[in-house]
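A.B. asks: To start, I am sharing the structure in question, which I have written as structure tokens.
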């Protein structure tokens, strides 16, 4: 990111770890938060991407309502167990998501900090887009309970989805900060506050 821009924090973690919770807390504390899931939704429904996706995967990945939009569930099911298809999809979408994320960051030039929720940060090899990376983790038991309740997934389906991403341990190892979201929201908020205080105290090289 440009040296004169905001200090950019990448928030990553496996599904169910609580990236959105950390994003909500950061927003409450006055930090602008950019969600790459939202950007991906917008990018997927651009005409350029729809044409490329349909050309590669066929019209069966579109919704049944005649709107011409991509059905994320259908597309996800198609690429979930096919690494080649997954790579092809990422090659279509990731460059555009990265460009739009940069544009969103540039729109906050006057802010000292900006956070970006990026679930596949390491998988997409975009570590260089961030000044600091926070990994949100949760205990295996808590993670599985959340996914079972939130997404109504079986144990086997949960295992499959977790296996499709870097492990929590790997994401934590590669990150500057680890936020444990296994407990209460207040406990998580305190961890977020502590790390923001560290940046405010001088750990942010762009503020010096």
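A.B. asks: Among the residues of segment 65-77, is there at least one that is outside the structural domain of residue 186 (by TED's automatic domain parsing), in contact with a strand residue (DSSP E or B) (Cβ under 8 Å, 6 or more places away or on another chain) and part of a strand (DSSP E or B)?
C.D. replies: Yes, some residue in segment 65-77 is outside the structural domain of residue 186 (by TED's automatic domain parsing), in contact with a strand residue (DSSP E or B) (Cβ under 8 Å, 6 or more places away or on another chain) and part of a strand (DSSP E or B).
A.B. asks: Mind checking whether some residue in segment 3-25 is without any contact (Cβ under 8 Å) to a residue 60 or more places away in the chain, touching a strand residue (DSSP E or B) at 6+ places or on another chain (Cβ under 7 Å) and either in a helix (DSSP H, G or I) or under 19 Å from residue 109 (Cα atoms) (or both)?
C.D. replies: No - not one qualifying residue is present in segment 3-25.
A.B. asks: Right, next: Determine which member of the set 149, 206, 198, 145 is surrounded by fewer than 19 Cβ atoms within 10 Å (Cβ to Cβ), closer than 24 Å to residue 101 by Cα and modelled with pLDDT under 95.
C.D. replies: 206
A.B. asks: Could you check residue 50 against (1) closer than 24 Å to residue 163 by Cβ; (2) at pLDDT 90 or above and say which number it fails?
C.D. replies: Result: residue 50 passes all but (1).
A.B. asks: Oh, and also: Tell me whether segment 96-116 contains one or more residues that are surrounded by 14 or more Cβ atoms within 10 Å (Cβ to Cβ) and more than 29 Å from residue 29 (Cβ to Cβ).
C.D. replies: Yes, segment 96-116 contains a residue that is surrounded by 14 or more Cβ atoms within 10 Å (Cβ to Cβ) and more than 29 Å from residue 29 (Cβ to Cβ).
A.B. asks: A follow-up question, please. Cβ-Cβ below 7 Å, separation at least six or inter-chain, first residue in segment 68-91 and closer than 18 Å to residue 153 by Cβ, second surrounded by fewer than 15 Cβ atoms within 10 Å (Cβ to Cβ): which pairs?
C.D. replies: Correct list of pairs: 74/60.
A.B. asks: How many of the residues in segment 184-198 are outside any helix (DSSP H, G or I) and touching a residue at least 12 places away in the same chain (Cβ under 8 Å)?
C.D. replies: Summing the residues that are outside any helix (DSSP H, G or I) and touching a residue at least 12 places away in the same chain (Cβ under 8 Å) in segment 184-198 gives 0.
The values are calculated or read from the model by the stated rules, or taken from the named source; none is laboratory data. Everything numeric here is computed off the predicted structure, so don't read it as measured data. Note that each Cβ is placed from the backbone with ideal geometry, even for glycine, and that neighbours are counted across all protein chains shown.
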